[in-house]
Amino acid sequence: MASRLIEGNAIIGQSGGPTAVINQSLVGIIEGLRGYKPVKKIFGMRHGVDGLIKHMPLVDLGALSTETLEKIAKTPSACLGSSRSKPTEADAPKIFEACKANDIRYFFYIGGNDSSDTCRIIHEMGVKTGYELRCFHVPKTVDNDLMGNDHTPGFGSAARYVAMAFMADDRDNASLPGIKINVVMGRNAGFLTAASALARHGEGDGPHLIYLPEVPFDVDRFIEDVKGVVGKYNRCQIAVSEGIKDKEGKDIAASLISGAQTDAHGNAQLSGSGALGDMLSNLIKERFKSPSGKPPRVRADTLGYLQRCWPEPSPVDAAEARGVGIKAATEAMNGLTDGSVAIIRMSNHPYRVEKRVLKLSDVAAKTRVMPPEFINGTHDVSRAFIEYCKPLVGELPHFAPRL
């Protein structure tokens, strides 16, 4: 809903897992707000809403030079600090006390689906308490699971990392043949694990098997899949999402991690454990013997948090991350009172997108998963996914043919 502009200060927060390009969005918001008289000052909240609740000192972002902002934009991780907190009714007085004390009237929150829900909660609290606060969610998540978005800032750079990691690991695996398992981030959506398919350039290249949360994981079928690939190539490289689920929809990794930590949104920590890779390795060793009767050579790695902030972002991702920040600020200055920015793909050849603003309620706390047309059978992705993902990661290295 568009409305008259209100004078006051703006505040920006970062939430959820940091990425290689989240600071581009931060700088984009600052750029988009500068020069507009209704916004007197631009502040940054330290560690998201936690900072407001705990009355941490604000950062004067408007005082930063253009040179400093450009350095910040190219720096991975959340420079203001992040948070996974979900505000409650009891937090509302503290949040709005901080907003009133600093004359905050424009609230920008950069993050994923849980962060969009936080933004929605704060907007609704403002309406309920009668405090006029314009609230905007700016998209960010390496999981690529925001509803209404073709893709999200952070995903392209993480997907680039995953593709390059699998390219290098595949050559390692071919040099000393064996079975290699790589566990990739992705609690409910398999986009990031699927990006491993971009590592393939020719016949026999890995990953040979790709397992996604969207496809029920069957242990017996998994062992037979591995046997088939080893029989064909004398080796096997496997991409597995940390969020794979059994036929009942239960997270396999979460069941393996004793005393797993959960955040305020109820999500179990998966990426900090190697339990899933170890379990799959042990399964293969137990149930797949070589002709000599010995267990095969099996290794497992969990890519973990390295995927999020690797300091070589996709150029497309960096530009789009800056753009969604600018879009949020622009719409706020056009009189919009709330919303969530989304990236909509208009065409693939040539690659072209638009940025639109959706209702917070259409995005908040909802999860988008891989559509069926991106999945090929029980352990692979389709050509449609490859065409979807390619423009987002930038130019990938080209290796020499195998000898």
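Observations on the structure shown:
- Once C-alpha pairs closer than 8 Å and six or more residues apart are averaged by separation and normalised to the residue number of region 118-157, the relative contact order reads 28 percent.
- The calculated FRET efficiency for the pair Arg34 and Asp220, based on their C-beta separation and a Förster distance of 60 Å, comes to about 0.50.
- Using 0.36 nm per residue and subtracting the Cα-Cα separation, the extra length available between Lys247 and Val127 on full extension is 38.9 nm.
- Centroid-to-centroid, using Cα positions, region 289-352 and region 137-186 are 9 Å apart.
- Taking the average, over residues, of other Cβ atoms within 10 Å as the packing measure, peptides 10-19, 77-86 rank 10-19, 77-86 from highest down.
- Percentage relative contact order, the chain, counting C-alpha pairs under 8 Å, at least six apart: 23 percent
- Region 312-403 - convex hull of the alpha-carbon atoms, volume per residue in Å³: 156 Å³
- Region 171-215 residues near the modelled Ser292 label - backbone nitrogen below 17 Å, point 7 Å along Cα→Cβ: 176-179
- Formal net charge of residues neighbouring Gly243 (Cβ-Cβ distance under 12 Å; K, R +1; D, E -1): -3
- Residue-count net charge about Thr88 - beta-carbon cut-off 13 Å; Lys, Arg +1, Asp, Glu -1: -3
- The label-point distance for Glu89 and Asp103, in a model that sets each label 7 Å from Cα toward Cβ, rounds to 3.3 nm.
- Nearest-0.05 FRET efficiency for Asp60 and Arg345, computed from C-beta distance (R0 41 Å): 0.65
- FRET efficiency, Thr367 to Leu176 (Cβ-Cβ, R0 45 Å, nearest 0.05): 0.70
- Percent antiparallel among DSSP beta bridges (both partners in region 6-154, rounded to 5): 10 percent
- Region 18-121: relative contact order in percent, alpha carbon pairs under 8 Å with at least 6 residues between: 35 percent
- Cα gyration tensor shape of region 17-116, rounded if a/c is under 1.5, else prolate or oblate by comparing a/b with b/c: oblate
- Debye intensity ratio in log₁₀ form over the Cα atoms of region 146-227, taken at each q of 0.19 Å⁻¹: -0.91
- With the simple spin-label model, which puts each label point 7 Å out from Cα in the Cβ direction, the Ala168 to Leu306 separation comes to 0.6 nm.
FYI, it's all coordinate maths here, none of it is from the lab. Fair warning: this is a prediction, and the values are worked out from it, not measured in the lab. No Cβ is skipped: glycine too gets one built from the backbone with ideal geometry, and neighbour counts run over all protein chains shown.
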